[in-house]
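Colleague: Structure below; questions to follow.
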Amino acid sequence: MSSIGLEIHGTRPITISVATFRKLSGLGNTKVYELIKNGTLETVLVGRKRLITFRSVERLLLPETASEAPRGRGRPRKSAGDGHPAAAPRAKGSGPWRASGA
């Protein structure tokens, strides 16, 4: 797994603070604590300080590209077999904008 550019003396940290993670990821406070609450980000408490494990940061920010299929942007296209009239191929010249007999 490649690193996300946060190395100290050639080694990765074990944990990082929430403030450092916010700067690193560009996410806001609310989203970060939502990720902590739902278990996406693993944390440890040292006294009253909450630290995020670096491996969970890497899992979130550097997903394995080999296991994920590339996704296109926007909505998935409809297939011709789903019964939707817009998905069925039309003959050239047919459509509501053409006058019959033209």
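Colleague: Which residues, counting only those in the range 29-49, are part of a strand (DSSP E or B) and within 18 Å of the chain's Cα centre (by Cα)?
Modeller: None; the set is empty.
Colleague: Still on this structure, I have one more. For the range 60-70, state whether one or more residues are of a type outside the set (A, V, I, L, M, F, W, C), in a helix (DSSP H, G or I) and either under 18 Å from the mean Cα position of the chain (by Cα) or at pLDDT 95 or above (or both).
Modeller: For the range 60-70, residues of a type outside the set (A, V, I, L, M, F, W, C), in a helix (DSSP H, G or I) and either under 18 Å from the mean Cα position of the chain (by Cα) or at pLDDT 95 or above (or both): absent.
The values are calculated or read from the model by the stated rules, or taken from the named source; none is laboratory data. These numbers come from a predicted model, not from an experiment.
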